[in-house]
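FYI, it's all coordinate maths here, none of it is from the lab. What you see is a predicted model; the values in this text were computed from it and never measured. No Cβ is skipped: glycine too gets one built from the backbone with ideal geometry, and neighbour counts run over all protein chains shown.
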Amino acid sequence: MATVYLIVALVIAVIAVIFALQNTMTVTISFLAWEVTGSLSLILLVTLAIGAVIGLLVLAPSAIKKSFAASGHLKRINTLEKELDEHKAKVAELQKPKPANPLDQPVEPPKSQQ
């Protein structure tokens, strides 16, 4: 999936460079009390970059939250796998055939010789 994002980013970058080379006229942008004069391509590329940064900032909290959740899930998986291994070891130990223990067998009284 990262490859798809990289390809899309490269396509957008190539289109932006072509756009910048073809649009070199000077424009003035006014916003509230600010006024900026520059080439059309530069201003549009800056706004594209600002939009990308804002988009990343909007997505960052959910990405961080998912990362923390995944980390917690991995810790829980490791804990459960250790518990499972312990239980498997106990089951295997209980299923082993027990050796005959002479103390467990009933003792017969010695026969008297008469």
*Quick one: give the max-minus-min coordinate of the C-alpha atoms of the chain along each principal axis, largest first, in Å.*
131, 31, 9
*Rounded to 10°, Cα long-axis angle of helix 40-95 versus longest principal axis of the chain*: 0
*How many nm separate the modelled label positions at ALA20 and VAL58, each set 7 Å beyond the Cα in the direction of the Cβ?*
2.4
*Counting only pairs 8 or more places apart or on different chains, how many lysine pairs in the chain have C-alpha atoms closer than 28 Å?*
12
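Which FRET efficiency value, to the nearest 0.05, is calculated for VAL91 and ALA70 with the Förster distance at 35 angstrom and r the Cβ-Cβ distance?
Working: r = 31 Å, r/R0 = 0.88.
So the FRET efficiency works out to roughly 0.70.
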*Using only Cα atoms, find the angle between the long axis of helix 2-22 and the longest principal axis of the chain, and express it within 0 to 90 degrees, rounded to the nearest 10.*
10
